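For reference, the structure is listed below as structure tokens.
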Amino acid sequence: MTALFTATLAQGELPNVMSGVTLYHFLFTSAAMFVIGLIGFLTRRNLIIMFLCTELMFQAAGIALIAFSRFWMNHTGETFVIFVLTVAAAEAAMALALVVLLFRRKETLDSSAWREMKG
């Protein structure tokens, strides 16, 4: 079985164990970050905190993608992380614009103020 993996790896040998850190450690960290971001997004009213929690969820997904990419020695997950970071940057730009718009109109960052706006 090891010969099969050795033949497919570009390095010619199996990757070094990172001092006992396994795929499960990265997945647990990713899941914990995602849950913290989800709880923060659902419980907070401040728009800036809500968008920061969204960014935390994006980063958790990126960690999971990179962990699986490293585990399977395939660069597809790393490529998807670049797309996730691009979406996160676009979301941050749109969020900043919306927060500035809301603050100029209502002078508050409470998310319930969005319900009262009429376009």
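Kindly establish whether Thr86 is assigned to a helix (DSSP H, G or I), at pLDDT 90 or above, surrounded by 13 or more Cβ atoms within 10 Å (Cβ to Cβ) and among the hydroxyl-bearing types (Ser, Thr, Tyr). Judged against the criteria, Thr86 is not a match.
Met33 falls short on exactly one of the conditions (1) farther than 26 Å from Ala113 by Cβ; (2) aliphatic (A, V, I, L, M); (3) over 9 Å from the mean Cα position of the chain (by Cα), and that condition is (3). Condition check: among the small types (Gly, Ala, Ser), modelled with pLDDT of 90 or more and surrounded by 14 or more Cβ atoms within 10 Å (Cβ to Cβ). Does Ala64 satisfy that? So Ala64 passes the test. Evaluate the following for Glu78: is it surrounded by fewer than 13 Cβ atoms within 10 Å (Cβ to Cβ) and either at pLDDT below 90 or of a type outside the set (S, T, N, Q) (or both)? No. What do you reckon, is Phe28 surrounded by 11 or more Cβ atoms within 10 Å (Cβ to Cβ) and at pLDDT 90 or above? Spelling it out, Phe28 is indeed surrounded by 11 or more Cβ atoms within 10 Å (Cβ to Cβ) and at pLDDT 90 or above. Pairs meeting the criteria (first residue in the stretch 9-32 and of a type outside the set (S, T, N, Q), second residue in a helix (DSSP H, G or I) and at pLDDT 60 or above, beta carbons under 7 Å, at least 6 apart or on different chains) are Leu23/Ala67; Leu23/Phe71; Phe26/Ile63; Phe26/Ala67; Leu27/Ala64; Leu27/Ala67. Looking at the stretch 95-105, can you tell me whether even one residue there is under 15 Å from the mean Cα position of the chain (by Cα) and either over 22 Å from Ala31 (Cα atoms) or surrounded by 14 or more Cβ atoms within 10 Å (Cβ to Cβ) (or both)? Scanning the stretch 95-105 turns up no residue that is under 15 Å from the mean Cα position of the chain (by Cα) and either over 22 Å from Ala31 (Cα atoms) or surrounded by 14 or more Cβ atoms within 10 Å (Cβ to Cβ) (or both). One residue stands out among those in the stretch 75-101 that are in contact with a helix residue (DSSP H, G or I) (Cβ under 6 Å, 6 or more places away or on another chain) and in contact (Cβ under 8 Å) with a residue 24 or more places away in the chain: the one that is farthest from Ile49 (Cα to Cα), which is Val84.
The values are calculated or read from the model by the stated rules, or taken from the named source; none is laboratory data. Keep in mind that this is a model prediction, so the values were computed, not measured. Note that we place each Cβ from the backbone using ideal geometry, even for glycine, and neighbour counts take in every protein chain shown.
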